[in-house]
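> Here's a structure for you.
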Amino acid sequence: MGCGRVGSTIAHSLENAGHSVAVVDQDQGAFRRLGPDFRGRQVTGVGFDRDTLMEAGIEEAGAFAAVSSGDNSNIISARVARETFGVENVVARIYDPKRAEVYTRLGIPTVATVRWTADEMLRRLIPDGSHSVWSDPSGHVLLAEMHFASGWTGHSVQKIEELTGVRVAFLSRYGDALLPTGKTALQDGDLLHLLALRSDVERVTALFATDPKAEEGS
């Protein structure tokens, strides 16, 4: 639902992967973004109207993406797809990050575009500290990229987990991902990827910003 730049890109990607696709938009002119090669259905109408969704084939759908420009339209249509028609895989794009957290707790997976874009920009503008790259639907558990002070170099993953109380998911080393063992030691230039509670991220970021105490060992 929604044939803007995101919707049309998703539609083509799914079709190129061999899926059958229907696109719904209340502006018939929006379908021009699909181009002449698009083979799926093009349905003009409101994305949360049941008759419109049925015309698009919602009763046979395996997935539904709500990516219009309106938060309310996206969440309403996503709920109709899931609760009325029983579509298993549903996702809604939400611009307001606070709303996104609420709707995620209601069981509708969301992509909060403003928060995601801001985080991605900050990761490149300020390549220090920590930056969230994934969150569970409840928003309580994060996968965070974590930079560290030079004094952590040489510490083993096992020792890092003992000192910080968080889980090392993987390391980025020379551009490649590395699944470490407990004995794997940090090298200069590594980037840590940690699983942590959101409430712990600030504390852990502060720990990695300074060298570990000498008596803690490596």
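> Under the definition of Cα pairs under 8 Å and six or more residues apart, what whole-number percent is the relative contact order of the chain?
Numbers: 372 pairs, mean separation 28.1, N = 218.
Here the relative contact order equals 13 percent.
> With the crude spin-label approximation of a point 7 Å out along Cα→Cβ, what separation in nm comes out for Arg203 versus Glu59?
5.4
> Grab the eigenvalues of the alpha-carbon gyration tensor for region 126-216, scale each by 5, take roots, and send me the semi-axes largest first in whole angstrom. Before the final figure, lay out the partial values.
Numbers: eigenvalues 74, 45, 32 Å².
Taking √(5λ) for each eigenvalue gives 19, 15, 13 Å, largest first.
> Using a Förster radius of 25 Å, what is the FRET efficiency between Arg32 and Val102 based on their Cβ-Cβ separation? Nearest 0.05, please. Walk me through the numbers on the way to the answer.
Values: r = 35 Å, r/R0 = 1.39.
The formula returns an efficiency of 0.10 here.
> For Ser20 and Ser69, calculate 0.36 nm times their separation in residues minus their Cα-Cα distance, and state this gained length in nm to one decimal. Please list the in-between numbers first.
Numbers: separation 49, 0.36 × 49 = 17.64 nm, distance 2.35 nm.
Answer, rounded to one decimal: 15.3 nm.
> Still on this structure: Length gain on complete extension for the stretch Asp49 to Asp188, per 0.36 nm per residue less the alpha carbon to alpha carbon distance? Mind showing how you got there, number by number?
Details: separation 139, 0.36 × 139 = 50.04 nm, distance 5.58 nm.
Length gained, Asp49 through Asp188: 44.5 nm.
> Which net charge results when you count Lys and Arg as +1 and Asp and Glu as -1 among the other residues whose beta-carbon is under 13 Å from that of Glu15? Display every interim value, and only then the final one.
Numbers: positive: Arg39, Arg41; negative: Asp37.
Neighbour charge sum, excluding Glu15 itself: +1.
> Would you please give the FRET efficiency between Val114 and Thr9, computed as 1/(1 + (r/R0)^6) with r the Cβ-Cβ distance and R0 = 25 Å, to the nearest 0.05? Show your work: numbers first, answer last.
Values: r = 19 Å, r/R0 = 0.74.
The value I calculate is 0.85.
> Oh, and also: Between Tyr95 and Asp136, what is 0.36 nm times their sequence separation minus the Cα-Cα distance? Round to one decimal in nm.
On the way: separation 41, 0.36 × 41 = 14.76 nm, distance 1.81 nm.
Between Tyr95 and Asp136, full extension yields an extra 13.0 nm.
> Another question, if that's okay. Going by average Cβ density within 10 Å per residue, which order do the peptides 184-193, 19-28 take, highest to lowest? Could you put the intermediate results ahead of the total?
Values: 184-193: 16.5, 19-28: 18.2.
The packing order, highest mean first, is 19-28, 184-193.
> Right, another one. Hey, if you put +1 on the Cβ of every Lys and Arg and -1 on every Asp and Glu Cβ in the chain, which of Leu142, Ser199, Thr52 ends up farthest toward the positive end of that dipole?
With unit charges placed on the Cβ atoms, the residue in question is Thr52.
> Where does the charge balance sit around Asn74 when Lys and Arg score +1, Asp and Glu -1, over other residues with C-beta under 12 Å from its C-beta?
Working: positive: Arg79, Arg93, Arg99; negative: Asp71, Asp96.
Value of the local net charge: +1.
> A follow-up question, please. To the nearest 10 degrees, how steeply does helix 5-16 sit against the main Cα axis of the chain, on a 0 to 90 scale?
That helix lies at roughly 90 degrees to the long axis.
> Please find the FRET efficiency linking Tyr174 to Asp211, where r is the Cβ-Cβ separation and R0 is fixed at 22 Å, and quote it to the nearest 0.05.
On the way: r = 23 Å, r/R0 = 1.07.
After rounding, the FRET efficiency stands at 0.40.
> Once the cut-off is 23 Å, how many percent of the Cα-Cα pairs in the chain end up in the long-distance tail? Could the numbers behind the result be given before it?
Details: 13368 of 23653 pairs.
For the chain, the fraction of Cα-Cα distances above 23 Å is 57 percent.
The numbers here are math on the coordinates, done by the rules we state, and not lab data. Just so we're clear, the structure is a prediction, and the values are computed from it rather than from any experiment. Every residue, glycine among them, receives a Cβ derived from its backbone with ideal geometry; neighbour counts consider all protein chains shown.
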